[in-house]
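One structure is given below, encoded as structure tokens.
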């Protein structure tokens, strides 16, 4: 028996516009570094597929913009997160998503505490990269952000091939 949305999707073999996912939500803690960057990256990867991509934080710095270093890395790659404003995860936001991608296993645990009903559609962004967790670069130097960006790019690429 297929137990989760991602496994069901992978099992059935949906490709491109046949995706079962119409709304992808990225979650981290503050919603100013990792999740908004991954949101922008995934939105770019899925251009034209009709999939909504958003983000939120478990301890969001509500209404704050994307971190300056995260934005620099996006701009250097032709992307832009300047319109982003951090928002707090709610049960409603979680329920509205078809696929929830988080950075760390502890984020999955916290999401299950908030909305246990979303467990079957919540996964690590690094799922297809050996369940890789993506560390928080907040208040660290640029090399930490660059490392995190590479991990997120791998995760986005892995998921984008499957949605």
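What follows draws every value from the coordinates through simple rules; no lab data is involved. Fair warning: this is a prediction, and the values are worked out from it, not measured in the lab. Every residue, glycine among them, receives a Cβ derived from its backbone with ideal geometry; neighbour counts consider all protein chains shown.
Overview of values
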| read-out | value |
| --- | --- |
| Packing-based exposure ordering (other Cβ within 10 Å, fewest first) of 99, 79, 124 | 79, 124, 99 |
| Candidate values (1) 14.6, 45; (2) 15.3, 52; (3) 15.6, 44, label of the one derived for Rg and Dmax of the Cα atoms in Å | (1) |
| Angle between the chain longest axis and helix 142-160 axis [Cα atoms, degrees, rounded to 10] | 20 |
| The chain: calculated mean residue ellipticity at 222 nm from DSSP helix runs of at least 4, using -39500 (n - 2.57) | -12000 deg cm²/dmol |
| Extension gain from residue 62 to residue 20, taking 0.36 nm per residue of separation minus the Cα-Cα distance | 12.1 nm |
| Cα shape, the stretch 29-86, gyration tensor, a/c 1.5 rule | oblate |
| The chain: antiparallel DSSP beta bridges as a percent of all, rounded to 5 | 5 |
